[in-house]
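The values are calculated or read from the model by the stated rules, or taken from the named source; none is laboratory data. Note that this is a predicted model, so its numbers are computed, not measured. Positions of Cβ are backbone-derived with ideal geometry, glycine not excepted, and every protein chain shown enters the neighbour counts. Side chains included, ligands, DNA and RNA excluded: accessible areas come from the protein's heavy atoms. Shrake-Rupley method; radii C 1.70, N 1.55, O 1.52, S 1.80 Å.
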Amino acid sequence: MQSAPSEFVQAVALERSIHLLYVPTLCCNLSCSYCYLGKQTTEAALKTDAERAVHTLRHTLDALKTAGVLAFNVSLHGGEVTTLPPAVLDALFTMIRGHYLEHFDALNAQGHRKSAPHIKTNLFKFAPLYALFDRHKVSISASIDLPLSLHARHRTTRGGTDWLARTLDNIRLLARYPHAKKISATLSGEHLADIPALVKDIWYLHRELGFDMTQFNLMFAFGSELNRAAKGEAVLTPATPAQQQALYGALAAEFVGTELEEGLRRNWFDEFKPSYCTNARNCGERFYLLQSDGAVYSCVRGQGIEAFRYGNVFDDPILDILDNGARKIRHIHQAQGFDTSCQACDHLGTCNTGCAVVKYQNQSGKSYTCGLQKAIYQDNPLSYPAGTPAELREYLVHYQQSMHPSLAFAWAPVAPAEPQFMLPNDIGEPKNTLAALVEADPVLQTLFSDSAFVLELHGELLPLDSQLFKQRRTQHTLVAGDPVVLHLHRDVLQANCPQVIRNTLYLQLLRDTPVVYGDEQRTKQEHIFTYQLYANCLVPSRRLGDGHLQCDLTGLLALHQTHFLRGVLNNLFVTTLFLREYHYSKQKANAFYHVQTANLPFQNFEFHYLP
């Protein structure tokens, strides 16, 4: 008997999953005083956005699928999404529902039970769009201000008009809405100046307007250059850590033991818990914001900030955009440093030092809600247990290696108390140190010179020095096609070389996939290639001019890109043939030099390569 054909969509195996926040328009019908989007909400072209919004989302979902990437959550954000025409909203909702159905099996396998669109809205146009939302079972997150008196003052229309009465009517309507919904509020220092009024209004919304306030999220306003540029002195002051913790304490005192205790413990402070993007180790690996013009940013907090722009879906391959996001977020965390209090914190693995965007805006290396988070962890020790000393040490090393690799030297294993091998008694004499040996030998001075070789990357000149004399490691990320040019002094080719025509530029490329070989059975980096280019084949340096030569490495690296592994560091060493020969002859002639240069002493460049 022949079975009936399945009516279900055939599942497609996708290798990677991401959260996609879609901003079909940056236009907004309000003028909130603390808006971190600045002038973007007033300068957006609504007509243009409406014309391209559907096409951009369709293009992106198709490109993600082709790249083997599953968008497990597609949420609509703004600006204010409801400023778009109903027909555009209808098309977007239909597309998102279709996406969830197409990938139902894959989403379910990952534990995502998404079936309906989600939208962030200020509720200004909720009533006329109610039937459209209801038909698509849209999940709604409504933004208001608490206390409600500040809603009237800070969440006004473009013309500065108070519309609080309309807000309350729409909340009453939202309370009867039959699908998923919640309320969110962003709080500044002014909002927390009267915490009793805020508490009173939570009860008012719950008991008088009938909205279930267990479904409530709190957020805190933060300093924003875009906001300051747009609002000037009108900007609100962010809540201090003391105010944040005072709010948490007051809410616990008021609502523990009531019907809203579950909301307090489960939902209200969800943004500051490890389930949220703000606590991701590297949010650029999983969370992305798409605009209708195709631009991809980190999130709503990073919109319009170049440091958080990852690319454009119409110009760049999807995987390049995603990899660029991870690289940029890692760079932001590195630029702010690894705060010493975070290094010693029992909950580093829970918090991961906080939101990259807020750290960037505040020029701080730690989470702006650190004290609040610790209070939440303390009140929920089973949900957020502190690690054991061994676990903390292990995570600390793992975190710094992935997010702050330049600090790797700081976590080198402590030397054993008892010596494991014998060295000559006179190795410590000043004349036998590597620095002294180099100073006494003109050829070694060239071999170890920190100005002999200069790498040009993205237009930036990077002088290379020996890994034996580096104070700290520097690692770079290359993307296929990035121009990489090596420049060198002409005089380098004359060092220890009687006939320059016989000399070569000598390159060795290794990668950090350890192998064991040799009589001493040492664990070493694995060799990928050795490359030599004769001196006469080098061309004059276009960047450094007379006295310098250059070699374009772009094609050489691209030729070997199949050997560059994702997440594995590559190590390029640079010297000349005759300097290399001098190094090994010096090792045979001088035991003090030999023992201090057991690792390759040549100038080097460490990088990750994204094909």
Cα Rg, Dmax (largest Cα-Cα span) when computed across the chain, Å = 29.7, 94
message = Can you compute the charge dipole magnitude of the chain about its Cα centre, using +1 on each Lys and Arg Cβ and -1 on each Asp and Glu Cβ, nothing else charged? Give it in debye, rounded to the nearest 20.
response = 880 debye
key: Which of 284, 538, 54, positive extreme of dipole for the chain (C-beta unit charges)   = 54
key: Acute angle (nearest 10 degrees) that the helix 370-379 long axis makes with the longest principal axis of the chain, alpha-carbon atoms   = 70 degrees
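Beyond a 29 Å Cα-Cα separation, which of these cross-linked pairs lie in this structure: 125/359; 359/524; 182/328; 524/586; 39/120; 39/182?
In this structure, 125/359; 359/524; 182/328 lie more than 29 Å apart at Cα.
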key: Compactness index (Cα Rg / 2.2 N^0.38 Å), the range 75-192   = 1.18
Rounded percent of accessible protein surface that carbon and sulfur make up, the chain, 1.4 Å probe = 53 percent
Accessible area of the range 16-87 divided out per residue, in Å², using a probe of 1.4 angstrom = 35 Å²
request  = Please determine, in degrees from 0 to 90 and to the nearest 10, the orientation of helix 86-102 with respect to the longest principal axis defined by the Cα atoms of the chain, where the helix direction is its Cα long axis.
outcome  = 60 degrees
ask   = Whole-Å semi-axes of the range 241-373's equivalent ellipsoid, largest first, each the root of 5 times a Cα gyration tensor eigenvalue?
value = 31, 18, 12
request  = Work from the charge dipole of the chain (Cβ charges, +1 for Lys and Arg, -1 for Asp and Glu, about the Cα centre) and give the residue of 325, 462, 447 farthest towards its positive end.
outcome  = 325
request  = Please calculate how many Å² of accessible area the range 108-207 carries per residue, with a 1.4 Å probe and no DNA, RNA or ligand atoms counted.
outcome  = 42 Å²
key: Per-selection metrics, the range 568-611 (Cα): Rg and Dmax in Å   = 13.3, 44
message = So if each residue of separation counts as 0.36 nm, and I subtract the Cα-Cα distance between residue 219 and residue 537, what length gain in nm does that give?
response = 108.3 nm
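Contact order normalised by length for the chain, with contacts defined as Cα pairs under 8 Å and 6 or more residues apart; what percent is it?
On the way: 1010 pairs, mean separation 61.6, N = 611.
Once normalised by length, the contact order is 10 percent.
Considering only DSSP beta bridges with both partners in the chain, what is the antiparallel share in %, to the nearest 5? Don't skip to the end; give the middle numbers.
Working: 46 of 79 bridges.
That works out to approximately 60 percent antiparallel.
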key: Between 0 and 90°, nearest 10: helix 318-336 axis offset from the chain longest Cα axis   = 80 degrees
query = Packing-wise, with mean Cβ within 10 Å as the measure, how do 283-289, 511-517, 68-74, 337-343 rank, highest first?
reply = 283-289, 68-74, 337-343, 511-517
